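Quick notes on the structure that follows.
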Amino acid sequence: PLVTSKELFTKAYANKYAVGAFNVNNMEIIQGIVSAAKTENAPLILQVSAGARKYASPIYLRKLVEAAVEDSNLPIVLHLDHGESFDICKQCIDDGFTSVMIDASHHSFEENISITKKVVEYAHSKGVVVEAELGRLAGVEDDVQVSEKDAIYTNPEQAAEFVQKTGVDSLAIAIGTSHGAYKFKGEPNLDFERLQEIAKLLPNFPLVLHGASTVLPEFLELCNQYGGDIPGAQGVPEEMIRKATQFGVCKVNIDTDLRLAMTAAVRKELFADPKNFDPRKYLAPARTAIEEMVRHKIVNVLGSDNRI
Ligand SMILES: O=C(COP(=O)(O)O)NO
Ligand SMILES: [Ca+2]
Ligand code: NA
Ligand SMILES: [Zn+2]
């Protein structure tokens, strides 16, 4: 069924695992993710960004997710990723989303609180849960560009005050991750002391990790082997994500690893069969690549297998 993340996060927190939140843009991506979760008996968050709504149009994504729920019978959350305003959050809530993120983290602390509070009031009146963000990730999130200097890590005391004043259901934090395929200049590292401090001040409160793709080398190499040009990309090592799930992180956002898996499979297939012009011939392997990658994440990184 279509569910909110409330119970999913309560169980994830108690058992120290995280629920995968995967960005979706089309049918094959959704099918790949959902079949992986079905195989592994894992709860699932399918998240839609503003860019995805523009690309596929809201109604197609909504209906595709409805089909996924009906076909898989999994507990699935339909979540708005990086909602930029109260209006888009309201629109998605009215459209049947069970969870929305209001990302007002680039505003002042006070402004972030007031916008988030407004979304929480409306969402809760409709039985929908809210994710907000405090702190700034660098990197690219569709059309949200944050430069390195503006990236500010989450302040633990501010996080506690923010949650108390807004009534938000989960909080995306900045501890060193960033969006996209170029996450670290030097060695990858996350501020685990900061994470533990936030978790200590917000016991039993679900934290969200954005920019959590690993940029899996196998797909990076395949992309570059078959005509891609993605030099020097690197993500968050999987053991760091696993570690984060031990300190209150209940939702892990993954988009870039999906993109790389799909692109690698398509590039490889197009090279393999130059005579082919049936899209199904390169979209089916792409779907399978996504399915296998998501199964790997569920079992080896998130720990959300057999949690239904
Ligand atoms: O945070 C993300 C995705 O992050 P990645 O680019 O690391 O997949 N979406 O909101
Ligand atoms: Ca933000
Ligand atoms: Na989100
Ligand atoms: Zn994000």
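The values are calculated or read from the model by the stated rules, or taken from the named source; none is laboratory data. All of these numbers come straight from a predicted model, not from anything done at the bench. Quick reminder, even Gly has a Cβ in these numbers, built from the backbone with ideal geometry, and neighbours come from all protein chains shown. Ligands, DNA and RNA are excluded from the accessible area calculation, which covers all protein heavy atoms including side chains. Shrake-Rupley method; radii C 1.70, N 1.55, O 1.52, S 1.80 Å.
To the nearest 0.05, what FRET efficiency results for Ala272 and Lys6 with a Förster distance of 35 Å applied to their C-beta separation?
Calculated value: 0.15.
Where does each of Tyr182, Tyr60 land when they are ordered by accessible area, with a 1.4 Å probe and the largest first?
So the residues, ranked largest to smallest area, are Tyr60, Tyr182.
Before anything else, pin down the relative contact order of the chain: Cα pairs under 8 Å, at least 6 apart, normalised by residue count, whole percent.
Reported as a whole number, the value is 23 percent.
Straight-line reach from Lys281: which lysines fall under 24 Å, measuring Cα to Cα and dropping same-chain residues less than 8 apart?
In chain and number order, the partners are Lys38, Lys268.
With +1 assigned to the C-beta of every Lys and Arg and -1 to the C-beta of every Asp and Glu, and no other charges, what is the dipole magnitude of the chain about the Cα centre in debye, to the nearest 20?
Taking the Cα centre of the chain as origin, the dipole is about 480 debye.
Roughly to the nearest percent, how much of the accessible area of segment 1-140 is carbon and sulfur, given a 1.4 Å probe?
54 percent
Which length gain, in nm to one decimal place, applies between Thr288 and Gln246 when the Cα-Cα distance is subtracted from 0.36 nm times their residue separation?
Result for the pair: 12.1 nm of gain on full extension.
Using square roots of five times the C-alpha gyration tensor eigenvalues, list the equivalent-ellipsoid semi-axes of segment 192-308 in whole Å, biggest first.
Computed over segment 192-308, the values are 34, 15, 9 Å.
Of Ile298, Ile152, which has the most accessible area with a 1.4 Å probe, and how do the rest follow in descending order?
Largest to smallest exposure gives the sequence Ile152, Ile298.
Distance check, please: which entries in Lys54/Lys200; Lys63/Lys251; Lys63/Lys243 exceed 32 angstrom between their Cα atoms?
Violating the 32 Å Cα-Cα cut-off are Lys54/Lys200; Lys63/Lys243.
Mind checking Rg over Rh on the chain, alpha carbons, Kirkwood formula for Rh?
Looking at the chain, the ratio lands at 0.95.
Residues with amide H under 5 Å of Tyr153's amide H, sequence separation 5 or more or different chain, H placed in the peptide plane at 1.01 Å from N; which?
Arg136
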